[in-house]
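> Here it is, the structure, as structure tokens.
The values are calculated or read from the model by the stated rules, or taken from the named source; none is laboratory data. Note that the coordinates shown come from a computational prediction; the quantities given were computed from them, not determined experimentally. Positions of Cβ are generated from backbone atoms using ideal geometry, with glycine treated the same way; all protein chains shown enter the neighbour counts. Only protein heavy atoms, including side chains, enter the accessible area calculation; ligands, DNA and RNA are left aside. Shrake-Rupley method; radii C 1.70, N 1.55, O 1.52, S 1.80 Å.
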Amino acid sequence: MKILQLTNDNMLDIFFLDANIFHEESALQTILQCSHVCTPWRALLLSTPSIWARVLDVDQLIKISSAGQVEILSRTGNAPLWLSANIRGNSKAGDLLSFSLIRDHWNRIEHLKLCISHLDGREMWPVLARPAPILRTFELSTSQKGLMDTNSSEMPLFSNRAPVLQSFVGECLPLNLSAPWLRGIRQLCLGYHLSMFDILTCLQSTPQLEILITSTVSSRNTNLNQAAHLPTVTLPKLGKLYFQYVDLQDCMTLLRGIQIPDSCFIVCFADRSGISSRSDVDILSKVLGQAIPEFSSHLQRFIQVHSSEVSVVQIYLDNGTFIFGCDTDIQNPKLEHTTPAFIVALMDQFHAFSTVEDSQPLLPTLFSSCNFDMITTLVLDFRSILPFSETQIMTWFKFCFICFPSVQHLHVLEETLRVVLTFAQTSLIGNIDLDQVRRERRSFLKYRKAIGLPVKKLIYQASPPGPTLKGIEDIIGLRVRVHMRSLEDNEQVEEYIVS
């Protein structure tokens, strides 16, 4: 069928896919161009105000004339508006247009994404404090922490009236912790100036919550009386729980205070910084000792529920960071996921791995007691783990080789192979039996072959001239794929079969 033979309904479906400023950066230009293709398309677009109402991206609007801006806005009719705006300061054209669109059409805005990077953004608060009758999603980000600090009891956000609001991302905004609109919220992002007590109190008002993101929270804002009487919350519909650079102890406080379904995705990027004295080290050691078993318990329940979906485990380790991820596919660890994922990332800019003596043998216990029969792909990325002793190194490789009995695809980076194959040559590590390291790896590969489930591919990335394959010459039939990247950033893929 030719495109001009499509029905109006078919064409509208296509136009609506293109007319989404939150997914398509050039949505406005695309719709403008489509309106000049032919008379039928133009007539269809001009008779559908809701399409024009979804392409109000201020960064794109300021590229056309003032008359053109007025024309586009008139084409929206009375349709609910989707708006992306920025306040950058110095009275730039985009700032003035952002202010006027939000101020003059506030009651029509259905979806709003607002970025403020200048103190001029404070002038927006009186508008944000007005009732939002049809607002469904609201996202405000700013690099100016404390920008909107105000007495929210005198002028509360949305005047406490946003009856259809479902998604709220605005951790920098003062918030009424029991605002009526919280009861309809499905997605919520909290943090910055809120304490653990504040967050748990707020969550008591969110029975419909499906996605929770907490960001840069600090327990320093929780007084002793509140810490001793933290509320507990049941969130039966919670499907995704994200911790974005939250202190590890605060992560555990929230996990203990929230009763979540076993099926809930948990993605935790925990901040373990703040080590300045022996007492800090002792506290961190205690917190780590409590956190790992609790994460392991959540991981076991997650795997039981999603055993038919997850198939990949990724482990990243260096002397400052540990990341464990259980996912449906190989991808870089990130905050938001659409498919089942369980990620624990312990970020540590002060090298607590070398400071907390028991951290190295403790971390593998996160996954060592889990049943990973469903995992068919294992990704290992070990780098510069200099504080590790010989026993600790062997413990790590032992866990990695025996905890995943169904692995068919083993992915490693060049640095990981270097760690495995050349530890004995590194004076910083000490004297390590290289044959023992190789035996651990070979025994894993041979065992899988003996039981009829051989590892089919060893996949890794390398730089010229490529890593040595020494130590795997006797694994007959193993397919080795090398992704080699040159200094010019060109990738070359080579495959070998051990024979």
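> Once you've got the Cα coordinates, tell me which of LYS92/LYS113; LYS240/LYS457; LYS113/LYS240; LYS398/LYS456; LYS237/LYS286 are over 25 Å apart. Walk me through the numbers on the way to the answer.
Working: LYS92/LYS113 18 Å; LYS240/LYS457 33 Å; LYS113/LYS240 21 Å; LYS398/LYS456 20 Å; LYS237/LYS286 32 Å.
Check vs 25 Å cut-off fails for LYS240/LYS457; LYS237/LYS286.
> I need the shape label for segment 1-79. Rule: rounded when a/c is under 1.5, else prolate if a/b > b/c, else oblate, with a, b, c from the alpha carbon gyration tensor. Don't skip to the answer; put the middle values down first.
Numbers: a/c = 1.85, a/b = 1.62, b/c = 1.14.
Cα axes put segment 1-79 in the prolate bin.
> Still on this model: Taking 41 Å as R0, compute the FRET efficiency from the Cβ-Cβ separation of SER74 and GLN331 and round it to 0.05.
Numbers: r = 43 Å, r/R0 = 1.06.
Approximately 0.40, to the nearest 0.05.
> Another question, then. Grab the other residues whose beta carbon is less than 12 angstrom from that of GLU25, score K and R as +1, D and E as -1, and report the net. If you can, show how the numbers build up before the last one.
Values: positive: none; negative: ASP18, GLU24, ASP57, ASP59.
Value of the local net charge: -4.
> In percent, what relative contact order does segment 1-79 have, based on Cα pairs under 8 Å that are 6 or more apart in sequence? Could you put the intermediate results ahead of the total?
On the way: 63 pairs, mean separation 21.7, N = 79.
Contact order relative to length: 27 percent.
> Pull up all non-local amide H partners of ILE87: gap of 5 or more, or a different chain, and H-to-H distance under 5 Å with H placed in the peptide plane.
For ILE87, the qualifying residues are CYS115, ILE116, SER117.
> Would you kindly state how much longer the chain becomes between ASN371 and ILE3 on full extension, computed as 0.36 nm times their sequence separation minus their alpha carbon distance, in nm to one decimal?
Difference between extended and current length: 127.3 nm.
> Under a 1.4 angstrom probe, counting protein chains only, how are TRP82, TRP106 ranked by accessible area, largest first? If you can, show how the numbers build up before the last one.
On the way: TRP82 30, TRP106 5 Å².
Order by accessible area, largest first: TRP82, TRP106.
> How much net charge surrounds LEU209 when only other residues with a Cβ under 9 Å from its Cβ are counted (Lys, Arg +1; Asp, Glu -1)?
Working: positive: ARG186, LYS237; negative: GLU210.
So the environment of LEU209 carries a net charge of +1.
> Follow-up question, since we're still on this one. Taking θ as phi - 60°, what are the ³J(HN,Hα) couplings along segment 155-163 by the Karplus curve (6.51, -1.76, 1.60), each to the nearest whole Hz, with x for Gly and Pro?
Using θ = phi - 60°, the values come out as 9, x, 4, 6, 6, 6, 10, 9, x Hz.
> Can you list residues whose amide H is under 5 Å from MET374's amide H, if they're 5+ apart or on another chain and H is modeled 1.01 Å from N?
none
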